[in-house]
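Heads up, the thing below is written out as structure tokens.
The values are calculated or read from the model by the stated rules, or taken from the named source; none is laboratory data. It should be emphasised that the depicted structure is a prediction, and the values quoted were computed from it without experimental measurement. Note: ideal-geometry Cβ built from the backbone for every residue, glycine included; neighbour counts use all protein chains shown. These area figures cover heavy atoms from the full protein model, side chains too; ligands, DNA and RNA do not enter into them. Shrake-Rupley method; radii C 1.70, N 1.55, O 1.52, S 1.80 Å.
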Amino acid sequence: MVATPASEKPLVCPIMFSPVNEKSTAVEYAGGRYAFCCAGCDKTFAKDPQAAMKKADKGGHVIATFLFDPVTGKKIDTKKAEFSSDYKGTRYFFASSDNKTAFDKNSKKYATVPKKEHLQCAVEGCEVNTYSDSSGYADVEGVRYYAGCEGCVGKLLEDPKKYATKEGLTTPKAIPVEKKD
């Protein structure tokens, strides 16, 4: 997880809103990473991530870190990012102050959770097992398409409609992941 400056709210469990246990499980959902306070919360979250997100937003809690710069769609190292904003329970990180400014002016545009996604590299077709395995994404007509590697993300972002397909679409789902430093 990310070191939290004094001015930012700490990340909390999306179910109990208790401090996160760094040794507990983690789950990725719709490009965000969620950590939990104890065993069992991950399974409760997986049953209805949207409900947990709404409850956290209503209570003013921050429960996730987004794994991509939402303005560029490219994966970001959340530990090295200098700029962040909290919006509706998720902490978003940015590659530049310009990206943060663009997000802050129109958060709703950049913080969407599409109803459908393509968790397979839209360019090469290889599997993208977790969101953190992806190098980036592009949204096309309400579908989020992921790219597997850095070379593919450039192609995808350059011409996303070229790689849009209706085959293999799924709804976002909670994916258990190994804890990474």
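Observations on the structure shown:
- For the stretch 5-18, the criterion of being buried (at least 19 other Cβ atoms within 10 Å of the Cβ), free of Cβ contacts under 8 Å to residues at least 40 places away in the same chain and over 20 Å from D139 (Cα atoms) is satisfied by at least one residue.
- Given (1) in a strand (DSSP E or B); (2) within 28 Å of T165 (Cα to Cα); (3) among the small types (G, A, S), index of the condition A46 fails: (1)
- For beta carbons closer than 7 Å, sequence separation of 6+ or different chains, a first residue in the stretch 139-152 that is free of Cβ contacts under 8 Å to residues at least 40 places away in the same chain and closer than 17 Å to V71 by Cα and a second that is among the hydrophobic types (A, V, I, L, M, F, W, C) and part of a strand (DSSP E or B), the qualifying pairs are Y145/A138.
- Pairs, first closer than 20 Å to V113 by Cβ in the stretch 162-181, second surrounded by 12 or more Cβ atoms within 10 Å (Cβ to Cβ) and at pLDDT below 90, C-beta under 7 Å, six or more apart: P172/V113; P176/T25
- Restricting the stretch 36-50 to residues that are free of Cβ contacts under 8 Å to residues at least 60 places away in the same chain and open to solvent by less than 50 Å² (accessible area, probe 1.4 Å), the residue that is nearest to the chain's Cα centre (by Cα): F36
Table: residues versus (1) part of a helix (DSSP H, G or I); (2) surrounded by fewer than 19 Cβ atoms within 10 Å (Cβ to Cβ); (3) under 16 Å from the mean Cα position of the chain (by Cα).
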| site | (1), (2), (3) |
| --- | --- |
| D104 | yes, yes, no |
| A122 | no, no, no |
| Y145 | no, no, yes |
| C152 | yes, no, no |
